[in-house]
Amino acid sequence: MIPSLRSEFVKLSRRGVVVGTGCATAGVALLGTAIPYITGTTSDGGGGPMSSASTTEPGLASLSNDDGAIQGIATISKLLGVVVLVLVALSVANEYTHGTLKNLLVRHPKRATLLGGKLGALAISATTLALWATVIAVAASFALAPLNDVHIAQWTTASGIASIGTAAIGLVASNLAYASIGALLAVLLRAPATAIGIGVAWALLGEQLIGSLIDAVADVSAWLPGSLASGLVDTSDLGRISSSLALAAWVAGFTAMAIFVFSQREVDA
Amino acid sequence: MLTKAYGTRTVVNDLTLSIPVGQITGFIGHNGAGKTTTLRMLLGLITPTSGWGKVLGHDLSRPSAYLHKVGALIEGPAFHPTLSASNNLRVLTTIANISEHRIEEVLEIVGLTDRAGDKFKSFSLGMKQRLGLAAALLPDPTILILDEPTNGLDPQGIADMRILLQSFAARGTTVLISSHLLAEIEQICQHLVVIDEGNLAYQGPLHGLTERSSEQLIVAAEHVIDHGRLARIYRDRGYEVITSDIEYCETLTIAAARCIAPQLNRIAATENIVLARIEPHTVRLEDAVLDLTHKRRSNS
C-alpha cells in the first residue's frame, strides 16, 4: 500500500494541484472567516444529531468568546468538503478516463492495496487542506478582529486554543467524509464530471432534500454524512462522540464499498 | 484455453495459445476479433469467463506472480497529460518498487531523454507511443506485450522500433505484438497467432501460414528454354500448371502442395531436365490472412 501511496503523491505534488487546491481552500477559509465580520452576525454550522437548531447571534459579541477565532470555519465546512470531493473524484476517476489505470494495475496488480494507497494519499491531502484552512481562518480572524473591535483575549486562553484544535479535528473529519463520498462516486461512475456533479449536488442540496423526506418518516436526517460532518466542525455541538462514531462508520462504509467495487470490476476501457 | 463472454456475446472462444520464448510473435486479426480482450486477460485486467492459462509458469488468476516480469503497452499510450514524461514514469516505478535509474535508461532507449521534463500533453503521437514503450520497458521485462506499438510512428520511427524489438528478442525477451500493419508483422515476427471472431485461426511459424495458404510450387529449370517442355510433361502427368505463357516464362507455377515437390523433381530428372529451383510459392501475409479467415468462415 505504501508504494501506491507514494506513487499518488507524485501526481498530487503537481504545481497545478498544489496551488489550485491550496488557493481554493484559502479562499473558502477567508470567506468563512470574513462573513461574520461583513454581516455582523454569527451562526453555527448546522448541527449534528445532538446539536440544537442553527442559531444566529446579533452583532459580533460572540466572536469575543474563546471559540471566536474559528467560528467562521463552521460556516464553510461544506464548501471545503466540496473542494476535497472534487480533488478526490478527479484523482480517482481520471485514472479511468485517461486510461492510466491499466498501467497502474499491470505494475501493481493487487487492486485493494492500490486503491487503499491512493485513498491514503488523498486522505493525507484532505487532512493537510483542513489544517491549512484552519491556519488561514485563525490568521484571518486575528487580522480582522482589531479592525472590528472584537476582543481576542479569550482566543489565546487554554479553552480558546482547545476550541481551535477541536474545530481543526472536526474539519479533518469533515474533509475525510467528503473524500470518501468522492472516492465512491468516482469508482462507481468512472467519470470525473459526473462524479463531481452528483457529489456537489449531494453536498449542497441533495442531503437536505433527502433528509427532509426521511424526517417525514423518522427523525434521522441529522445522521446523514453531511450533517454529521458539519456538526463535528461546530464546537458547540454536544454530541461529538456519537457523531464521530457515526461519521467514521459512513467513511469506513463508503471506503470499503469503493475498494470492493474497484477490486471486482473489470478494467475494459 | 480461454473464453471470454459478455452476456450472450462470446468475444474469445476456447482460445489456446502457446507463445514461444525468446521470439517475436505477431498477434493478428480483424478489428473486434478479440485480440485486445485476450491481451487484457493475460494482464489480469479482465477475468476469463472460463478456461485457464499460464504466463511464465504462473496461473492467470494470480497476475501479481508474473506481472513484475511483464511489460505492456495496451490500446495506445495512456499517461497523465499534465505530468512530465519522467514523472509519468516515476508514478510507475514508485508503485512497482522499480529503481528510479530505470527512468533515465528507458528514456534513452526510446530516444526521449531530451524531452524528459516536458509534459505528456505536449508530445506528438509518435513521442507518446515511444513513451508508452518506455513504460513497458521499466521492469526490464521477460515478456513484452505490445498492442499496436507502431501507431503514429513515422517510417524512421517504425524502423527504429523494429530494430529495438529485434534486439530485445535477441537478448531472450519474448515479444508479443498485436498489430493491424501486416507488412510490419511480416518483417519482424518469426511466429504468428491469427484469431478470427474470437477463435484461433492459425498459430505457428510465419512461413507456415504464407506457404500453407498458397499450396503452389515455383519451379525453375536450369535452362529457361526447357520450361515449355517441362510444363507439358507436368500437364500430361495430371498436374495443373498455372503459368500461362509457358514458352517464355522465368519460372513455372504449379498448383501442388509442398509435399509434391520431390515428385516434380523426380519427373524432371527422368526427362533429363535439371531443376535449378523448386520451392513453395509464398504469398503476402495480408493475402494469406484474408484467405485463411475467408476459408474459416466458409467452413463454419
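The values are calculated or read from the model by the stated rules, or taken from the named source; none is laboratory data. Bear in mind that the values here come from a model prediction, so they are computed numbers and not experimental data. Heads up, the Cβs are rebuilt from the backbone with ideal geometry, glycines too, and the neighbour counts pull from every protein chain shown. Please note that ligands, DNA and RNA were not included when accessible areas were found on the heavy atoms of the full protein model with its side chains. Shrake-Rupley method; radii C 1.70, N 1.55, O 1.52, S 1.80 Å.
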Would you work out which of A:SER221, A:ALA121, A:THR100 lies farthest towards the positive end of the dipole of the stretch A:3-264, given +1 charges on the beta-carbon of Lys and Arg and -1 on that of Asp and Glu, about the Cα centre?
A:THR100
Using only Cα atoms, tell me the angle between helix A:192-201 and the longest principal axis of chain A; keep it within 0 to 90° and round to the nearest 10.
30 degrees
Sorted on mean Cβ neighbours within 10 Å (highest first), peptides A:8-16, A:78-86, B:177-185 come out as A:78-86, B:177-185, A:8-16
Restricting to lysine pairs 8 or more places apart or on different chains, what number in the protein assembly as shown have Cα atoms under 15 Å apart?
9
For the stretch A:3-264, alpha-carbon Rg relative to the globular expectation (2.2 N^0.38 Å, N residues)
1.03
Enter the buried accessible area of the A/B pair, total of both sides, probe 1.4 Å, in Å² rounded to the nearest 100.
2500 Å²
Go ahead and estimate [θ] at 222 nm for chain A from helices alone: -39,500 (n - 2.57) per DSSP H run with n ≥ 4, summed, over the residue count, rounded to 500.
-24500 deg cm²/dmol
How far is it, in nm, from the label point at B:ALA276 to the one at B:THR113 when both lie 7 Å from their Cα along the line to the Cβ?
5.1 nm
Where the only charges are on Cβ atoms (+1 Lys, Arg; -1 Asp, Glu), what is the dipole of the protein assembly as shown about its Cα centre, to the nearest 20 debye?
760 debye
With +1 at each Lys and Arg Cβ and -1 at each Asp and Glu Cβ, the charge dipole magnitude of the stretch A:3-264 around its Cα centre, to the nearest 20 debye, comes out at 1560 debye
Please report, in debye to the nearest 20, how large the charge dipole of the stretch B:166-300 is about its Cα centre when each Lys and Arg carries +1 at its beta carbon and each Asp and Glu carries -1 there.
400 debye
Any idea what angle helix A:158-189 forms with the longest principal axis of chain A, computed on alpha-carbon atoms, 0 to 90 degrees, nearest 10?
30 degrees
Farthest toward positive dipole pole in the protein assembly as shown [+1 Lys/Arg, -1 Asp/Glu at C-beta], among B:GLY132, B:GLN187, B:ALA65
B:ALA65
So, with points 7 Å from each Cα along the Cβ direction, the B:ASP154-B:ARG258 label distance in nm works out to 4.0 nm
What's the angle, to the nearest 10 degrees (0 to 90), between helix B:155-170's Cα axis and the longest principal axis of chain B?
90 degrees
For chain B: relative contact order, % (alpha-carbon pairs under 8 angstrom, 6 or more apart):
20 percent
Taking a crude spin-label model, label points 7 Å out from Cα along the C-beta direction, the B:ARG9 to B:GLU286 distance in nm is 2.8 nm
So, taking all protein chains as they sit and a 1.4 Å probe, how much accessible area belongs to A:TYR37, in Å² rounded to tens?
30 Å²
At R0 = 35 Å, FRET efficiency that the Cβ-Cβ distance of B:ALA65 and B:ARG297 yields, to 0.05
0.40
Result for chain A: accessible area per residue, probe 1.4 angstrom, in square angstrom, of 41 Å²
